[in-house]
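Below you'll find the structure, written out as structure tokens, and then a few comments.
The values are calculated or read from the model by the stated rules, or taken from the named source; none is laboratory data. Keep in mind that what you see is a predicted model, and the values were worked out from it rather than measured. All Cβ positions, glycine included, derive from the backbone under ideal geometry; neighbour counts span all protein chains shown.
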């Protein structure tokens, strides 16, 4: 049986802060995203942005600190924080030596933690952090280093609904269409990084190509991946998507 994971719902009047990060875009920079929800799963606030270095650990600690500051300003009295990075959780909770690269940031975390509120940092599995990951991907399409939002964007509505209704996410499940979209994204990224100016992208998945070339549906479950493909396609190069039959795609198969 595959293990299934969902968002960890806070209890009572506790607020849940989920943070996430990734290295995305071209040129590659570290992106972060975070959001706060109550015990009903209602969106309270969120933010996304980028740092000018491609260091995911730095981005996630920065997102955690910014999230704590916003929660304090919003006067949330009880807080539980979640990250899917066990490295970051252990590093921040256990502390580091004074000469460690992240010592100043971690000291600031403990200063915020020591204020007059119960606050903790815990690990969640990645699929329990889906909404924060959507905000990370939104940062790819934004030129802002930090964007704070107080209403959920359209692309976040479906993941929020799934978390609020406790729909279980299967971490190992990946449909063939989504796998094809991810493969197209990574192939475009490699081609772009190699400086290719014109590219014909062939796929035997007509459904995947229709999702890419058709009208963008903000509510589609694969919208974040499609958005990443569009962000690469719209750069200064020529990309054409072509459907081929399976017989003409045997080498890729």
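One residue stands out among those in region 109-129 that are modelled with pLDDT of 90 or more, in a helix (DSSP H, G or I) and surrounded by 16 or more Cβ atoms within 10 Å (Cβ to Cβ): the one that is farthest from the chain's Cα centre (by Cα), which is 112.
Among the residues of this structure, residue 183 does not count as one that is in contact with a strand residue (DSSP E or B) (Cβ under 7 Å, 6 or more places away or on another chain), surrounded by fewer than 18 Cβ atoms within 10 Å (Cβ to Cβ) and assigned by TED's automatic domain parsing to the domain that holds residue 232. For region 20-63, the set of residues classified as more than 14 Å from the chain's Cα centre (by Cα), under 15 Å from residue 147 (Cα atoms) and assigned to a helix (DSSP H, G or I) consists of 62 only. Whether any residue in region 233-247 is modelled with pLDDT under 80, assigned to a helix (DSSP H, G or I), over 26 Å from the mean Cα position of the chain (by Cα) and farther than 30 Å from residue 156 by Cβ is what I want to check. Yes, region 233-247 contains a residue that is modelled with pLDDT under 80, assigned to a helix (DSSP H, G or I), over 26 Å from the mean Cα position of the chain (by Cα) and farther than 30 Å from residue 156 by Cβ. Among the residues of this structure, residue 188 counts as one that is in a helix (DSSP H, G or I), surrounded by 15 or more Cβ atoms within 10 Å (Cβ to Cβ) and modelled with pLDDT of 90 or more. Does at least one position in region 185-203 carry a residue that is touching a residue at least 60 places away in the same chain (Cβ under 8 Å) and within 13 Å of residue 137 (Cβ to Cβ)? No - not one qualifying residue is present in region 185-203. Residue 76 meets all of the listed conditions (1) more than 19 Å from residue 128 (Cβ to Cβ); (2) free of Cβ contacts under 8 Å to residues at least 60 places away in the same chain but one, namely (2).
Scanning region 149-180 for residues that are outside any helix (DSSP H, G or I), in contact with a helix residue (DSSP H, G or I) (Cβ under 7 Å, 6 or more places away or on another chain) and modelled with pLDDT of 75 or more, we see that the one that is surrounded by the most Cβ atoms within 10 Å (Cβ to Cβ) is 152. Take the conditions (1) in contact (Cβ under 8 Å) with a residue 60 or more places away in the chain; (2) buried (at least 22 other Cβ atoms within 10 Å of the Cβ); residue 15 misses just one of them, which is (2). When residues in region 34-48 are screened for being under 19 Å from residue 121 (Cα atoms) and buried (at least 19 other Cβ atoms within 10 Å of the Cβ), 7 of them pass. Say we look at region 204-232 and pick out the residues that are modelled with pLDDT of 85 or more and assigned to a loop (DSSP other than H, G, I, E, B); which of these is surrounded by the fewest Cβ atoms within 10 Å (Cβ to Cβ)? The extreme case among them is 214. When region 53-73 is filtered for residues that are surrounded by fewer than 24 Cβ atoms within 10 Å (Cβ to Cβ), farther than 22 Å from residue 160 by Cβ and in contact (Cβ under 8 Å) with a residue 40 or more places away in the chain, the ones remaining, listed by number, are 57, 58, 62, 65, 69, 72.
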